[in-house]
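Have a look at the structure below before the remarks.
The values are calculated or read from the model by the stated rules, or taken from the named source; none is laboratory data. Because the structure is a prediction, the values reported are computed rather than measured. In this analysis, Cβ positions are derived from the backbone assuming ideal geometry, glycine residues included, and neighbour counts consider all displayed protein chains.
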Amino acid sequence: MLEVDALHAYYGKSHILQGVSFRVGEREIVSLLGRNGAGRSTTIKTIMGLVQSQGAVRFKGQRIDGIKPHDIARRGLGYVPEDRAIFPDLTVRENLMLGLKSRRHNERRSRWSLEDTFTLFPLLRERADAPGGVLSGGEQQMLTICRTLMGDPDLVMVDEPTEGLAPKLVELVRELLLEIAKRGVAILIVEQKLAIALAIAQRVYVMGHGRIVFEGAPEALRANEAVRKEWLEV
Amino acid sequence: MLEIITFSLLNGVVYGLLLFMVSSGLTLIFSLMGVLNFAHASMFMLGAYFSYQIGTWIGFWPALVIAPLLVGAIGAAVERYGLRHVHKQGHVAEILFTFGLAYLVAESVIMIWGRNPIENRVPAVIDFPAFLLFGTSYPAYKVLMMAISVGMFAFLYLAFRRTRLGLIIRAALTHPEMVGALGHDVPRIFVLVFAIGSALAGLAGVIGGFALLTEPSMAAALGPIVFVVVVVGGLGSITGAFIASMLIGIIQTFAVSLDYSLLDLLRVFHVVVSSDSAFHEVAAVKIAQAAPLIPYLLLVVILIFRPRGLLGRRDA
């Protein structure tokens, strides 16, 4: 579904991505792990067209590198940023409505509706008319994921969804991700923490210094202490 | 006294609304794109000249509609074919670009309409007394200016609050990148906002052109005051721009009608400054004479004590 081939990206003079290659299959949950600064966030920003890059990115068999972010989104690629980017002055409902890509959105053909979000997260229904800026960190995390889902992506890239959340909320995020997968959406999840990634992913990539340094099943990573020590544990 | 206060207040509100019509567009463009558009007041000037020209051909009412639309179209073209390309070079390049554009517009206006003020008189259709107050009549065109400004803002407010496009623009004010990542064409939104902002400035030019003087330096005269409004109100805050517009509009109008000096104030406290004192000359300046200074004084004071402006939330 998503194939990334020898991706290079620069911030000024620093060479952030040094030939990153990986793929995500249909309905697959893939984790991209690594320490801070390894280039994980840059990788998905680059795929989304938010960072200029060299290399090839294919989505559903078509090249998407070099095209505009909104065009990439319209082809069915969803992005949930690390900073959540909740529109603070807009209500929760308005935030969700912005996830729809056009006015002629077909609610029946979409995998996600406003009602789904409100059923999964009754708190968001209660606060539907409150500004997004007043929500707690956990509520904002659910909102930002659900907002992207409203656009009915075929693959959703989630950047650090459990960062700064209490264990109970991490569990909630895990359940939401599994629900997303159940509805046939592929997921690329970027994480620093091993636990959630190993628990739900079918395949894992580890990044270090702008390169992919490990690829394999979660069990293989769990067994490979050398990789964990060198590239993950702090 | 009541008469002076009432008329100054009315005129102050009319002037304040005019300032807001120009500054709201400027602050909207700034919030969305981070561009401090030095050519914004030029759009105001173009509105005045276009409406004069179109007015002489087909009359005032069609000009009232066509001139702002024309200015809006020019604004859209400036963004689409100019700023969008300059944008990649960073903010300094953008500011220089708009700076150059302001001169380009001023020189073009001089080439077409000449250096002298044109006879942009109040159109006969709206040049009659609207009502009598304290035995003095209040002109209809000022009532019209007020009505058009208020009507325009009501329309825009509803459009921003109730339409999907308004929703997308409001979202893009804080996180344009995210709006793009959700599948909305942000560059198109930029063009549109630039067009709306320019058209608003153009409309202000149409109704302000005959109330002020329509001349090639009118953009250079209004520009700095609009910047003061935007900074005092707080960069990026529409509500702040409204408060600052009204504040400056009303204060300046009142100041012009106050024929008192510091000497008069001191006299109330029985302080007499002798006429050979060095201080005498400064203290003798009437408030009315110092009126043009007031916006800039306000700017300096605000920047010292409240650098983000009255309602500003982000740094420049």
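Suppose we filter region B:112-132 for residues that are among the acidic types (Asp, Glu) and under 22 Å from the mean Cα position of the chain (by Cα); how many remain?
Number of matching residues: 1.
Between a first residue in region B:242-271 that is charged (D, E, K, R) and a second residue that is assigned to a helix (DSSP H, G or I), which pairs have beta carbons less than 8 Å apart while being 6 or more apart in sequence or on different chains?
B:Asp259/B:Ile287; B:Asp259/B:Ala288
Among B:Ala195, B:Ala154, which is the only one that is closer than 27 Å to A:Gly133 by Cα, more than 14 Å from chain A (Cβ to nearest Cβ) and assigned to a helix (DSSP H, G or I)?
Result of the check over B:Ala195, B:Ala154: B:Ala154.
I'd like the residue in region A:42-62 that is among the small types (Gly, Ala, Ser) and surrounded by 22 or more Cβ atoms within 10 Å (Cβ to Cβ) and, out of all such residues, is farthest from the other protein chains (Cβ to nearest Cβ).
Filtering first and then ranking leaves A:Ser53.
Within region B:1-97, which helices (runs of 4 or more DSSP H) (wholly inside it) include 2 or more residues that are aromatic (Phe, Trp, Tyr)?
B:2-33, B:40-58, B:60-78
Go through B:Val179, B:Val109 for me and flag whichever is under 24 Å from the mean Cα position of the chain (by Cα), crowded, with 19+ Cβ neighbours inside 10 Å and either among the aromatic types (Phe, Trp, Tyr) or at pLDDT 95 or above (or both).
On the way: B:Val179 fails: under 24 Å from the mean Cα position of the chain (by Cα).
Result of the check over B:Val179, B:Val109: B:Val109.
Out of all the residues in region A:22-59, which are under 20 Å from A:Glu230 (Cα atoms) and among the hydroxyl-bearing types (Ser, Thr, Tyr)? Steps first, please.
Within region A:22-59, the subset under 20 Å from A:Glu230 (Cα atoms) is A:31-41.
If the condition is that a residue be under 20 Å from A:Glu230 (Cα atoms) and among the hydroxyl-bearing types (Ser, Thr, Tyr), then A:Ser31, A:Ser41 are the ones that fit.
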